[in-house]
1. Using the structure shown, decide if P172 is over 29 Å from M229 (Cβ atoms) and either touching a residue at least 12 places away in the same chain (Cβ under 8 Å) or surrounded by fewer than 16 Cβ atoms within 10 Å (Cβ to Cβ) (or both).
2. Restricting to region 265-291, count the residues that are modelled with pLDDT of 95 or more and assigned to a loop (DSSP other than H, G, I, E, B).
3. Residues in region 200-209: is at least one within 27 Å of D262 (Cβ to Cβ) and in contact with a Phe, Trp or Tyr (Cβ under 8 Å, 6 or more places away or on another chain)?
4. What about G190, is it on the phi < 0 side of the Ramachandran plot, within 24 Å of the chain's Cα centre (by Cα) and at pLDDT below 95?
5. From the list K228, K237, K191, which residue is within 20 Å of L148 (Cβ to Cβ), surrounded by fewer than 23 Cβ atoms within 10 Å (Cβ to Cβ) and of a type in the set (K, R)?
6. Mind checking which residues of region 87-103 are surrounded by fewer than 18 Cβ atoms within 10 Å (Cβ to Cβ), in contact (Cβ under 8 Å) with a residue 40 or more places away in the chain and either farther than 21 Å from A370 by Cα or of a type in the set (V, I, T) (or both)?
7. Evaluate the following for E220: is it modelled with pLDDT under 95 and under 18 Å from the mean Cα position of the chain (by Cα)?
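The values are calculated or read from the model by the stated rules, or taken from the named source; none is laboratory data. On a predicted model such as this, the values are computed, not experimentally measured, just so you know. Methodologically, a virtual Cβ is constructed for each residue, glycine included, from the backbone with ideal geometry; neighbour enumeration extends over all protein chains shown.
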Amino acid sequence: MFPARKDHWYESHEGHRHRGLACAILTLGCVPPAAAESKPRFGDVQKALTTLAKNPGVVGAIGELHVDGKRVDGGTAGSRFLDGKGGKIPENARYRIGSQTKRMTATVALQLVEEDKLGLDDKLSDVLPIVAEQDLVERADEITIRQLIQHTSGIPDFLGIVDRFDFTTYYPPIDLVKKTRSLPRTGEPGKKFSYSSTNYVLLGMTIEELTDNPLAGEFERRIFDPLKMTRSYLTTKPPEGIKGPHGHGYARDADGKLRDMDRFNASYGVGAGGVVSTARDVSRFQRASDMGKLLPDDLQRVIDELPPGQQEPPPAERLCRAEPEIQARAGAAPGFLAATYTSPDGRVQFAVSTTLTVGTQEAVSILNQAAEAVVCPTK
């Protein structure tokens, strides 16, 4: 069995470019809740976040630890704005979860498969005829729903060519797909893993086509309402943003000036990264997903495994040596990095959000250190 599927995020590069970054599956050691003779031992969340926020480039951080569906610890560190301004971020504040949204989009698409409204081997040109009629996706008559979900379609990523500082222009999903038509394919359909948010834009369009309902409405009906994720929603158009007091992240423009990225263009999220949630809510989703409450096992494996013969994403970073493994499902964009560290059995979640002034690649290791301190403390 393929050990775990690599979830992803998107992040900024030098200049105005974005790309998908494969998020490592972190193998963190802790006492397995089901097998431990005594109560599992976890580290102090507030202490871990305080240490995290002392790192250069971290503006603020919030996080919560959930065990068996209950919050057992939480904390907040740093500030809402730069230079300690705005006070601390409320522990229950909403934040962007980035590409953790993709797992939700895949779940909804696979629920449609379970309902016989969609097939894993259905061709993109059949379920979304417009992409073939207008020649928006090369080889659309070969690309399948399974390949979109598993990032093996070979469709280029639109995030590499959009302006991260364009906060106001609304781009309908089909326009984002159009932007990729002139880019070279990344591989043959079904032959190579190549992360692309465009896959999930197309999945979102497919869901809307089949349900005759906005993707945000399907998220509410199929995920948010059943799981009582009362403070979560999907942003789809600017100027939709984060409701309530929350942390602000920053990125440098071409002149080196730090820009507040709080108005991040909601068009770029769609089904790929547009959900705003809380530590409590996203923990509920990851727990339900891992415990098989949203999909039958055979369809859940479509998300969690790559088919035999595929090139695997980058290897996992092993932080602790003991078992069980904890999977890091992460999402990011310029100014933030958020992750939910979850056990395969769904019993443990550590959900954390950081706001930044540095690129997310620079923040990955310190976020992992915070997770390690909480989930598998050495002392």
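1. Working: over 29 Å from M229 (Cβ atoms): no; either touching a residue at least 12 places away in the same chain (Cβ under 8 Å) or surrounded by fewer than 16 Cβ atoms within 10 Å (Cβ to Cβ) (or both): yes.
It is false that P172 is over 29 Å from M229 (Cβ atoms) and either touching a residue at least 12 places away in the same chain (Cβ under 8 Å) or surrounded by fewer than 16 Cβ atoms within 10 Å (Cβ to Cβ) (or both).
2. Of the residues in region 265-291, 4 are modelled with pLDDT of 95 or more and assigned to a loop (DSSP other than H, G, I, E, B).
3. yes
4. Numbers: on the phi < 0 side of the Ramachandran plot: no; within 24 Å of the chain's Cα centre (by Cα): yes; at pLDDT below 95: yes.
So G190 does not fit the description; no.
5. Numbers: K228 fails: within 20 Å of L148 (Cβ to Cβ); K237 fails: within 20 Å of L148 (Cβ to Cβ).
Just one listed residue meets the conditions, K191.
6. Within region 87-103, the first condition is being surrounded by fewer than 18 Cβ atoms within 10 Å (Cβ to Cβ), and the residues that meet it are 87, 90, 92.
In the following step, the residues that additionally are in contact (Cβ under 8 Å) with a residue 40 or more places away in the chain were identified as 90, 92.
None; the set is empty.
7. Numbers: modelled with pLDDT under 95: no; under 18 Å from the mean Cα position of the chain (by Cα): yes.
It is false that E220 is modelled with pLDDT under 95 and under 18 Å from the mean Cα position of the chain (by Cα).
For every residue, the table says whether it meets (1) basic (K, R); (2) over 25 Å from V275 (Cα atoms); (3) surrounded by fewer than 19 Cβ atoms within 10 Å (Cβ to Cβ); (4) modelled with pLDDT under 95.
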{"position": "A109", "(1), (2), (3), (4)": "no, no, no, no"}
{"position": "E115", "(1), (2), (3), (4)": "no, no, yes, no"}
{"position": "D121", "(1), (2), (3), (4)": "no, yes, yes, no"}
{"position": "L128", "(1), (2), (3), (4)": "no, no, no, no"}
{"position": "E133", "(1), (2), (3), (4)": "no, yes, yes, no"}
{"position": "L148", "(1), (2), (3), (4)": "no, no, no, no"}
